[in-house]
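See structure below.
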Amino acid sequence: MIAISDAEFSQVNDLATSSLLRYLRGHGWSPFRDYGRGQLWVLDAPGESGEPYEVMVPLDRGPRDYADRVADLVETLSVVEARRPADVLREMALPSADWQFLRLTPPGPSGTAPLVELVPALAGLRDLMTSAAAAVAAPEPQPVQPANKPQLVKDHVASVRLDQTRVGSYVVAVHTPLPEPPAQAFLFDHGSRAEPFARRVTRGLYAALICAREAADLTLQYDELADFSRFTPGGLSANLCEALVKIGGEEGPGFSLDFTWSADLPVEQATERIRLTTSQLAALDAGAKDLRARLGHTDMTLLGSVVRLHRELPYGPGAVTIAGYFDDRDGRRARRVRMSLDERDYGKAAEAHRRGDEVIVRGDVTAQSGVAGMENIVSFTVRHVSE
């Protein structure tokens, strides 16, 4: 057993009882007996037929030996988990959160990863969190998510934190903080609590990963690309597939994701590890390309300048050509896009052309005889040069 250091001992007195109980619940411990000022918690020893592990949890911070009792608890947990007391203590102090553990298996010594593989994997992890949040925030399923995300999605991704790596080939630990729960009247009563957005995103991510794995398996089983759009209501999108492919890297060995849910908002259903192999990632890559080719041209945003105006009469609707690019897609490749506008938007386009202002158009993209066009225009905005 590694004894807790003096510096660490000075921190244990600051740990609230709720932090101790949250940590134990989140790591599979269960309350066994209540002694008033303390509780006995137990954990079955996996693969062992002996007695379960036991820890005594102090519930009253009044006695002078509160810090000693917490120190004993931390030292016992460090033995059970084969971790340093400092790591256990630091995690106990973290706020309520859902955790995901990305397990990579790169070549080389265990616990290390090549920089050229880890950086894209972390970028893919960010994109994965973004696609999951966008799927929950969207009013309806989106097989291809627009590049511009609402502020709610951006704020959620900004709240996601990377933690210290774990024991394994190379395990990236991620946690998403949840809002603190209301004070509980009873230690064993979790009550009913509405799911915050952060939890709905994590739960949606898990469901989307199940869908992604099933779509890939169907593709491999029948040696024919499955219709990935069938899984869009479950959270699957081209964006999510592309994020998973980015995490796996080019011809990488695959990876797995584990989920651990905050004990403050328990999830009753068992959460299995999601593994994705090289073959499954190749199927997801093909599925993402297919979704973009078939369904990736709706609700797109064009930014550019008006280069041509035409209408038969001095009033009414007319045709406009805009030179610009779509969001951040296609590397911002320059395009000329034709569209028909009603009288009001045509007037705005003409004024923008006269002043040299930029225009922003949202609608669906079409292609006829190799010429790009837009229809179902939902907004036409002028951005003045001074802006």
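Each label was represented as a point 7 Å from its Cα along the Cα-to-Cβ direction; for residue 16 and residue 307 these points are 6.1 nm apart. The label-point distance for residue 56 and residue 315, in a model that sets each label 7 Å from Cα toward Cβ, rounds to 9.1 nm. Applying D = kT/(6 pi eta Rh) to the stretch 153-312, where Rh is the Kirkwood radius over alpha-carbon pairs, T corresponds to 20 °C and eta to 1.002 mPa s, the Stokes-Einstein value obtained is 115 µm²/s. Sorted largest first by accessible area at a 1.4 angstrom probe radius, with every protein chain in place, the residues 339, 56 fall in the order 56, 339.
In this calculation the C-beta distance from residue 350 to residue 152 is compared with R0 = 30 Å, giving a FRET efficiency of 0.25. Each peptide among 106-113, 358-365 gets the average number of other Cβ atoms lying within 10 Å of its residues, and from highest to lowest they stand as 358-365, 106-113.
In terms of Cα atoms, the Rg and Dmax of the stretch 218-335 work out to 21.3, 68 Å.
Excluding same-chain residues fewer than 8 positions from residue 289, which lysines have a Cα within less than 24 Å of its Cα? Filter leaves 149, 246.
When the convex hull of the Cα atoms of the stretch 261-306 is projected onto a plane and the area is averaged over all directions, what value comes out in nm²? It would help to have the intermediate numbers written out before the result.
Values: hull surface 29.4 nm².
Over every viewing direction, the Cα hull of the stretch 261-306 projects on average to 7.4 nm².
Distance from the Cα centroid of the stretch 19-42 to that of the stretch 200-271 is 33 Å (rounded to whole angstrom).
Compared with the alpha-carbon gap, the fully stretched path from residue 273 to residue 221 is longer by 16.6 nm at 0.36 nm per residue.
Averaging 1/r over every pair of different alpha carbons in the stretch 1-138 and inverting the result gives a Kirkwood radius of 17.7 Å. Shown for the stretch 13-141: the carbon plus sulfur share of the solvent-accessible area, taken with all protein chains present and a 1.4 angstrom probe, equals 54%. The Cα-based radius of gyration and maximum Cα-Cα distance (Dmax) for the stretch 81-155 are 17.0, 46 Å. Mean residue ellipticity at 222 nm, helices only, the chain: -12000 deg cm²/dmol; runs of at least 4 DSSP H residues each add -39,500 (n - 2.57), and the sum is divided by the number of residues. Translational diffusion of the chain was estimated from the Stokes-Einstein equation, with Rh taken as the Kirkwood radius over Cα pairs; at 37 °C and 0.692 mPa s the coefficient is 134 µm²/s.
Using a Förster distance of 45 Å, how high is the FRET efficiency between residue 64 and residue 159, based on the Cβ-Cβ distance and rounded to 0.05?
The formula returns an efficiency of 0.75 here.
Here residue 293 and residue 32 are evaluated by their C-beta separation; at R0 = 41 Å the FRET efficiency comes out at 0.10. Counting Cα-Cα pairs of the stretch 264-387 in 5 Å increments starting at 0 gives whole-percent bin shares of 2, 9, 16, 18, 13, 9, 7, 6, 6, 5, 5, 3, 1, 0. Working ranking of peptides 238-249, 312-323 by packing, defined as the average number of other Cβ atoms within 10 Å per residue, highest first, is 238-249, 312-323.
Once the Cα-Cα distance is subtracted from the 0.36 nm per residue extended length, the residue 343 to residue 214 segment shows a gain of 41.6 nm.
Spatially, the stretch 158-180 and the stretch 99-124 are offset by 13 Å when compared through their Cα centroids.
Surface analysis of the chain yields an accessible area of 53 Å² per residue, using protein heavy atoms and a 1.4 Å probe.
Taking amide H atoms as placed 1.01 Å from N in the peptide plane, the amide H of residue 39 lies under 5 Å from those of 57, 59, each 5 or more residues away in sequence or on another chain.
In the distance distribution for the stretch 232-273, Cα-Cα pairs more than 15 Å apart total 62 percent.
Applying 0.36 nm per residue to the separation of residue 256 and residue 87 and subtracting their alpha-carbon distance, the gain on full extension is 58.5 nm.
The values are calculated or read from the model by the stated rules, or taken from the named source; none is laboratory data. Small disclaimer: the values here were computed from a predicted structure and weren't measured. Cβ atoms come from the backbone with ideal geometry, glycine included; neighbour counts cover every protein chain shown. Heavy atoms of the whole protein, side chains included, go into the accessibility calculation; ligands, DNA and RNA do not. Shrake-Rupley method; radii C 1.70, N 1.55, O 1.52, S 1.80 Å.
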